[in-house]
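Taken together, the values in this text are just the output of simple stated rules run on the coordinates, not laboratory data. Quick caveat, the model's predicted, so the values are computed rather than measured. Please note: Cβ atoms are built from the backbone with ideal geometry, for glycine as well, and neighbour counts cover all protein chains shown.
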Amino acid sequence: MNRKAASDQPKKKPAPREERLKSALKANMARRKAQVRARDDATRTNKEK
């Protein structure tokens, strides 16, 4: 019944270290994905020639 008291408490934020690791992981995944895509494009164009 007392929902206002529960909503007054701020949500617990993750530790800054955890945030840094998450963003680094995202960046690494994106970089790897881009590298794979570039490599696939390069092999595809070489095979077409």
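Each label was represented as a point 7 Å from its Cα along the Cα-to-Cβ direction; for Arg44 and Lys11 these points are 3.8 nm apart.
For segment 11-27, backbone phi angles converted through the Karplus equation (6.51, -1.76, 1.60; θ = phi - 60°) give residue-by-residue couplings of 5, 6, 7, x, 4, x, 4, 5, 4, 4, 5, 4, 5, 5, 5, 4, 5 Hz, Gly and Pro being listed as x.
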